[in-house]
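*Asks:* Mind looking over this structure? Questions follow.
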Amino acid sequence: MATPNLDKQAAATTTATTATTTATTTADIEKQSPLPDPTTKSIASSDTTQQPHNTSPIKVPRFLVKINNALESLSGFEARGITRVLPSERQPPSLLADAQVFLLWFGANISVNNLAVALLGPLVFQLGFTDSAWCAVVGAFLGSCSTAYMSIWGPASGNRTMVIARFFMGYWPSKIPTGLNIVLMVGYITLSFIIAGQMLSAVSGGNLTIVVGIIVSALVCWVVAMFGMRVFHFYERFALIPQILVLFALIGCAGPYFDTTVESQGDTTAVAANRLSFLSLCLYVPNSWAAAASDYYVYYPENTRKRKIFCLTLFGLWTSFSLVYMIGVGLATGVAQHASWAEANDISTGALIVAGLEPLKGFGTFCSVIVALGIIANSIPGCYSAALGFQVLGRHFKVVPRWVWTCTVSVLQMVLALAGREHLFVLFQNFLALMGYWVEFMILIFVLEHVLFRRTRGFDWARGEDKSYLPVGWAALAAFLLGWVGAILGMYQIWYTGPLAVLAGGSAGGCDVGVWVGCGFALVSFPPLRWLELRVIGR
């Protein structure tokens, strides 16, 4: 939602406070130099970083500075971490930059790991083709809207998403969603590596183990994410084309076996409960990008229209998720009709996709490899954002370069994927829904603060570490925790079913209403608590 006065006021206050916020600086290894379009130009290496108010500089180990300087000398390497990108440092507007907004999200999310989510509609919730398709598309739209809203703050602020959270939730409370976002990104990438490993193993007939496939995926993801935006965008653009071609090849050869006549199972109450549960699950995946959405827009001009960023992000996400969800639903309906697909599905999700391409013979094998490697395109943005998240956790975390955190995250993801490679569906069912709840609560707090309390006053985006300027955050923290209370009461998981989920589920045994109840609790609690906080504390 655009606010005409916000950007003007923010620009004015930023100009007025730049001198004070940069008065105390220290030599740092994180970039603050002008950074042109990361997809077309090289990056300079000198830099200073703003220090928080009333804090002393943190000394950086000399050996780390030397290593960082050597890496910065590499062409296309991005050393900048969470330091704000000033308006004077932004890339100039261009059609390529606008197109890149759409292509980033579309290219990153047409990967088959998202397809695996849609399999749950017919296979787990026993929904028919039509019900599954509608729930998938509507869920994808709602989740995409959430992420699109969060993306508008990147150009306006020049800050990464979890730094922006400080302006809405306070310095200390915002660390909770920051930590959860690291877990979220690492978890999704872990699942992606497992599916890539499964596919490469299935293509080789078992000669190549899942372990090798996971390691290959992790290495490529690590290299691209470590280099940063320029290489990241380059990879995403060129990974897009073969991914699209292979997906349409999959539709062409597997489509005739989709069973579009299959009906949902159960009575009216059970079907309704399963529809809502599956719709919520399909919402969580595109919605999970919301906590990182602004990370990829910090180099866009400050006056970039919010509506343009919102729409391009929305359509990039919605079209990509709708495409892969529909393919996933189709494959799931064919499992019950074709023994070879059922056998492949018993092995792994990756094997099912390979079975769908089997009519293409040798070319199908080639397509399967392309699809498996394409999963990496979905993993790179998450790895990049998880590394930034570590820097947001505190001053001592911030002085560690982004590329060091990228290495740490990459190793962690690989280890988790290797450990959990035999239990993919269990991981999906336990992890996706649980991690999807909190993102919506955070977004709702953003929207309420924006609409109710910031309509007439903007933000001084340069003061992201000034605790005396940022809100205390008690209201946001209370609303966030109350949202979790609602989620616990309404969640429907294998290991736990909340009392409200039992009431809503009827004969289905349960219905996942956690996100809806949680949002209701946050919606009711935040406005009065925030009003009280402003009256008592004043910020």
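We did not get these values from a lab; they are worked out from the coordinates using the rules stated. Here the structure is a predicted model, which means the values were calculated and not measured. Because the Cβ atoms are built from the backbone with ideal geometry, glycine has one as well, and the counts that use them run over all protein chains shown.
*Asks:* Mind listing P(r) for the range 20-536? All alpha-carbon pairs, 20 Å bins, whole percents.
*Replies:* 23, 56, 20, 1
*Asks:* How large is the charge dipole for the chain, taken about the Cα centre, if only the Cβ atoms of Lys, Arg (+1) and Asp, Glu (-1) carry charge, to the nearest 20 debye?
*Replies:* Values: 32 positive and 27 negative charges, 376 e Å.
Approximately 1800 debye in magnitude.
*Asks:* Continuing with the same structure: Once the piece of chain linking Trp531 and Thr269 is laid out straight, how much longer is it, given 0.36 nm per residue of separation minus the C-alpha distance between them?
*Replies:* Separation in residues times 0.36 nm, less the Cα-Cα distance, equals 90.3 nm.
*Asks:* Counting other C-beta atoms within 10 Å, which of Val485, Val137 has the fewest, and how do the rest follow? Numbers along the way, then the final one.
*Replies:* Details: Val485 14, Val137 18.
Ascending number of Cβ neighbours within 10 Å: Val485, Val137.
*Asks:* Sorting Trp495, Trp516 on the 10 Å Cβ count, fewest up front, what's the list? Before the final figure, lay out each step's value.
*Replies:* On the way: Trp495 9, Trp516 17.
Ascending Cβ contact count within 10 Å gives the list Trp495, Trp516.
*Asks:* While we're looking at this one, here's another question. Taking the square root of 5 times each eigenvalue of the Cα gyration tensor, what semi-axes in Å does the equivalent ellipsoid of the range 134-240 have, largest first?
*Replies:* Each semi-axis is the square root of five times an eigenvalue, giving 32, 18, 16 Å.
*Asks:* Still on this model: By counting other Cβ atoms within 10 Å of each Cβ, how are Cys135, Cys367, Cys282, Cys407 ranked from fewest to most? Mind showing how you got there, number by number?
*Replies:* Values: Cys135 26, Cys367 23, Cys282 31, Cys407 15.
Fewest-to-most ranking of Cys135, Cys367, Cys282, Cys407: Cys407, Cys367, Cys135, Cys282.
*Asks:* Starting from the Cα gyration tensor of the range 165-323, multiply each eigenvalue by 5, take the square root, and state the resulting semi-axes largest first in whole Å.
*Replies:* 30, 26, 19
*Asks:* Follow-up. Considering Cα pairs under 8 angstrom that are at least six residues apart, work out the relative contact order of the range 120-270 and quote it in whole percent.
*Replies:* 31 percent
*Asks:* Kindly provide the helix-only [θ] at 222 nm of the chain, computed as the sum of -39,500 (n - 2.57) over DSSP H runs of four or more divided by all residues, to the nearest 500 deg cm²/dmol? If you can, show how the numbers build up before the last one.
*Replies:* On the way: 22 runs with 357 residues, N = 539.
It lands at -22000 deg cm²/dmol.
*Asks:* Residue-wise, which Karplus ³J(HN,Hα) couplings in Hz belong to the range 258-274, taking 6.51 cos²θ - 1.76 cosθ + 1.60, θ = phi - 60°, and x for glycine or proline?
*Replies:* Karplus values, whole Hz, x for Gly and Pro: 5, 9, 7, 8, 5, 9, 5, 9, x, 6, 4, 5, 5, 5, 4, 5, 5.
*Asks:* Grab the chain and count how many Lys pairs have their alpha-carbon atoms under 25 Å apart, sequence gap of 8 or more, or different chains.
*Replies:* Number of lysine pairs found: 18.
*Asks:* How high is the relative contact order of the range 467-536, in percent, counting Cα pairs under 8 Å that sit 6 or more residues apart? The partial results should precede the final answer.
*Replies:* On the way: 93 pairs, mean separation 25.2, N = 70.
Once normalised by length, the contact order is 36 percent.
*Asks:* Once the piece of chain linking Ile251 and Arg307 is laid out straight, how much longer is it, given 0.36 nm per residue of separation minus the C-alpha distance between them?
*Replies:* Gain on extension, Ile251 to Arg307, equals 16.8 nm.
*Asks:* Would you mind classifying the range 58-142 by shape? Square roots of the alpha carbon gyration tensor eigenvalues, ordered a ≥ b ≥ c; an a/c under 1.5 is rounded, otherwise it is prolate if a/b is larger than b/c and oblate if not.
*Replies:* Working: a/c = 3.57, a/b = 2.17, b/c = 1.64.
Prolate shape, in that a/c is at least 1.5 and a/b is the bigger ratio.
*Asks:* Once you have the Cα-Cα distance between Trp495 and Ala339, take 0.36 nm times their residue separation minus that, and quote the gain in nm to one decimal.
*Replies:* Full extension from Trp495 to Ala339 adds 53.1 nm.
*Asks:* Right, another one. Relative to the longest principal axis of the chain, what angle (0 to 90°, nearest 10) does the C-alpha long axis of helix 514-536 take?
*Replies:* 10 degrees
*Asks:* Oh, and also: Mind checking the angle between helix 4-21 and the chain's longest principal axis? C-alpha axes, 0 to 90 degrees, to the nearest 10.
*Replies:* Between the helix axis and the principal axis of the chain, the angle is about 50 degrees.
*Asks:* Would you mind checking the tilt of helix 175-203 against the longest principal axis of the Cα atoms of the chain, expressed as 0 to 90 degrees and rounded to 10?
*Replies:* It is inclined by approximately 40 degrees.
*Asks:* I would also like to ask the following. Of the peptides 383-390, 181-188, how do they stack up when ordered by the mean number of other Cβ atoms within 10 Å, highest first?
*Replies:* Highest to lowest by the protection proxy: 383-390, 181-188.
*Asks:* How far apart, in nanometres, would the label points at Lys361 and Val183 be if each is projected 7 angstrom from Cα along the Cα-to-Cβ direction?
*Replies:* Placing both labels 7 Å along Cα→Cβ, they lie 5.1 nm apart.
*Asks:* How high is the relative contact order of the chain? Use alpha-carbon pairs under 8 Å, at least six apart in sequence, and give a whole percent.
*Replies:* About 27 percent, as a whole number.
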